Amino acid sequence: MSKESLLKQIDNYDAKICVIGLGHVGLPTALTFSKAGFNVIGHDINNNLLKIINSKKSPFKEVGLEELLRTCLENNKFTTSNNLQDCISSADIVIICVATPITKESKPNLSELQEVCKQMSTFSLENKLIIIESSIPPFTFEKLVLSIFHKDLKTGFDFWIAYAPERLSPGNALSEIKTTSRVIGQQDQNAGTLAKSLYKKIISSEIVLTSPIIAETSKLVENTFRDVSIAFANEIALLCEKYGIDVSELIKICNSHPRVNIIKPGPGVGGPCLPKDPYLLLNPQGLAPITSALISNSRKTNDGMPLHVVNIVEKALKNNKLKISKSTVLILGTSYKANVSETRFSPAKKIISELITKGVKVLVFDPHTDESFGGEKISNVWEGISSSDALLLVTDHTEFKKLDLVKISNIMKPSILIDTRRIFDRKQAEQIGIHYFSVGYSKNYEIT
Ligand code: SAJ
C-alpha cells in the first residue's frame, strides 16, 4: 500500500485506528476519532480498566466522556483489547498515548513507552502510520523510539512515524481536542502529510508541521512556561505578605498595563503535567541534564506552597488563640484544580498530611472526588463547617463559590477562613467578621 492509499483511507474514514493506552489522553482521543467516523480499537494492559470501559462507565470524570463512550460502544465504532499483536495487525494507524511519568528522583521514566515500542517492533508495521502523543524528553523520538524500531524491526523501516504531542487540558479534554491547534513533528514529509490529514478529521484549528525535536520541546516548554508563570505569581504573593499588601489588588493593578498579565497565585501546582514536564525538559534523552536555575527554582517555589499554606493555617489559628494540635480544619477540595476529579500531585495531599502530622483533626469535603488523603471525608459541608475551627479552601470548585459567607459566619465562631484561591470577596468576609486569610494577604497575622 502506498501513502496515497492510506491518505484515501483516512479521507474516507476507512482507516482503522488503534489507540494504545486508554488513560486521560488515550480514551478521549480514541472516542473523538470514533465519533468522527473511524473504527477505533483501544488497547490497554489494565484489564480492570477495560472492564470499566466496556461496562460503559467512564473511568474518570471528564465532561461528556461517559455519554460519548456509551454512544461509541453501542455503535460498534469502538472496541477494546489487551492483545497488542491483534490490535496492531488489524490497524492502519497506531496512536501511542502511554504515561511518561517521573521517578522519585525527578528523572523521566520512559519504561512504558519503551516497552510498547519494543513489542511493536517485533510485529509487522508495514504501511502503517504510527503516532506518538505522550509527552517525552527532547530527542526521545530520535534516540529511543526510532532506534528501537530501526534495531529490531524485522521488515525494515517501511512505515510512517510522527510525533504529535497531546495538548488536552483535563476537564476540558473533549472540547479542547477539537479546538486547540496541533503540532506535528514529522520524521519525513510523507509521515507529516498523513498525520496532518488524520488530525484534520477532528481538529478545527491550525495544524503546524515541524521537526520531531521542535514538537517534543514545544510541548514541554508550554507547560514549563505555565509553571514558571505560576511560580512568579506565587513569589509575588509571598512578597506581598511581607509588605502587608493584598496580592489580588496588586495583580489587578499591574495587569492594567497592556503588556503585563500575571496569573493567579495559589496553594501550589498539581496535576499530571505541570509538576513533571519541566523535569522532562531538563533531562534530554541520551544527553547530560540541563541546568536552569529559573525552571528548577520555579518548581521549588510551587512545591513549597502547600507548606506555606499550612503555616498560614497555623498563624490563623494562633491569632484566634487556638492551638493547631487541638484544632479541627475542614478542607474544601482535594482535586488539583477546579471542577475535575483528578488528584495526582494535588497540593491538597501535602497540606493534609502536614496538618495531620501537626495533630490537626482534618475533615475533607470534595464533591468531585472520593480522595481525602488521610483526612476524614464528610458528606455535608455545613455540618463540617459547624464542627470546625477553620475552613481551608484548596480547590476552587464552582460549588464552593456558592457557599454563603453570612451563613458561614453564623455557624462557625470564630469564623476563620483561609481562601487560597481567592474565590470569596475578602472585603465582604471581613465586614461580617470573618477572619480572612489567603496566600498573598497577611493583614490578619504577624509577619515574621
Ligand atoms: N494554577 C495556579 N494558578 C493559575 C493557574 C493554574 O495555581 O493561575 C494551578 C492549578 O490550580 C493546578 C496547576 O496550576 O494545580 C495546573 O493547572 P493548569 O490549568 O495550569 O494546567 P493543567 O495541568 O490542567 O493542563 C496543562 C495545560 N497546559 C497549559 O496551559 C500550558 C494544558 O493545555 C495541557 O494540555 C496539559 O497541561 C497537559 O496535559 O500537558
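Counted as qualifying within the range 139-220 are the strands (runs of 3 or more DSSP E) with 1 or more residues that are within 26 Å of A338 (Cα to Cα), namely 182-186. Output yes when any residue across the range 319-328 is more than 20 Å from S388 (Cα to Cα), without any contact (Cβ under 8 Å) to a residue 60 or more places away in the chain and open to solvent by 20 Å² or more (accessible area, probe 1.4 Å), and no when none is. Checking the range 319-328: not a single residue is more than 20 Å from S388 (Cα to Cα), without any contact (Cβ under 8 Å) to a residue 60 or more places away in the chain and open to solvent by 20 Å² or more (accessible area, probe 1.4 Å). Against the conditions (1) within 16 Å of the ligand (Cβ to nearest atom); (2) open to solvent by less than 40 Å² (accessible area, probe 1.4 Å); (3) within 18 Å of the chain's Cα centre (by Cα), I95 satisfies every one except (3).
Remark: N223 falls outside the filter, which requires a residue to be in a helix (DSSP H, G or I), closer than 18 Å to I351 by Cα and within 12 Å of the ligand (Cβ to nearest atom).
Taking residues in the range 331-347 that are more than 8 Å from the ligand (Cβ to nearest atom), and partners anywhere that are basic (K, R), the pairs with Cβ atoms closer than 7 Å and at least 6 places apart or on different chains are S341/K61.
Scanning the range 107-145 for residues that are closer than 13 Å to I20 by Cα, open to solvent by 10 Å² or more (accessible area, probe 1.4 Å) and in contact (Cβ under 8 Å) with a residue 60 or more places away in the chain returns E112, V116.
Among the residues making up the range 172-195, those that are touching a strand residue (DSSP E or B) at 6+ places or on another chain (Cβ under 7 Å) and among the hydrophobic types (A, V, I, L, M, F, W, C) are V183, I184, A191, L194, A195. Of L405, L417, L391, all but one fail to be within 32 Å of the chain's Cα centre (by Cα) and under 19 Å from A237 (Cβ atoms); the exception is L417. Scanning for something under 19 Å from the mean Cα position of the chain (by Cα) and at pLDDT below 95, does the range 271-278 turn up at least one residue? Yes, the range 271-278 contains a residue that is under 19 Å from the mean Cα position of the chain (by Cα) and at pLDDT below 95.
Residues are listed down the side, and each one gets a yes or a no for (1) under 20 Å from G440 (Cβ atoms); (2) out of contact with any Pro (no Cβ under 6 Å at 6 or more places or on another chain); (3) not hydrophobic (A, V, I, L, M, F, W, C):
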site: K300; (1), (2), (3): yes, yes, yes
site: V313; (1), (2), (3): yes, yes, no
site: N320; (1), (2), (3): no, no, yes
site: T328; (1), (2), (3): no, yes, yes
site: V340; (1), (2), (3): no, no, no
site: P347; (1), (2), (3): yes, no, yes
site: L355; (1), (2), (3): no, yes, no
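Taken as a whole, the condition of being within 21 Å of G23 (Cα to Cα) and part of a strand (DSSP E or B) does not apply to A99.
Going by what's in this entry, would I312 be described as within 12 Å of the ligand (Cβ to nearest atom), within 24 Å of I236 (Cβ to Cβ) and either within 19 Å of the chain's Cα centre (by Cα) or touching a residue at least 40 places away in the same chain (Cβ under 8 Å) (or both)? Taking the combined requirement at face value, the residue does not satisfy it. It is to be established whether one or more residues within the range 245-263 are in contact (Cβ under 8 Å) with a residue 60 or more places away in the chain, within 7 Å of the ligand (Cβ to nearest atom) and within 18 Å of the chain's Cα centre (by Cα). So far as the range 245-263 goes, no, none of its residues is in contact (Cβ under 8 Å) with a residue 60 or more places away in the chain, within 7 Å of the ligand (Cβ to nearest atom) and within 18 Å of the chain's Cα centre (by Cα).
Of all residues in the range 165-201, those satisfying the criterion of being within 30 Å of H368 (Cα to Cα) and open to solvent by less than 50 Å² (accessible area, probe 1.4 Å) are P165, E166, L168, S169, P170, G171, A173, L174, I177, T180, S181, R182. Among the helices (runs of 4 or more DSSP H) confined to the range 234-324, the ones with at least 3 residues that are basic (K, R) and on the phi < 0 side of the Ramachandran plot are located at 293-319.
The values are calculated or read from the model by the stated rules, or taken from the named source; none is laboratory data. This is a predicted model, so every value here is computed, not measured. Heads up, the Cβs are rebuilt from the backbone with ideal geometry, glycines too, and the neighbour counts pull from every protein chain shown. Heads up: the accessible areas ignore ligands, DNA and RNA and are worked out on the full protein's heavy atoms, side chains in. Shrake-Rupley method; radii C 1.70, N 1.55, O 1.52, S 1.80 Å.
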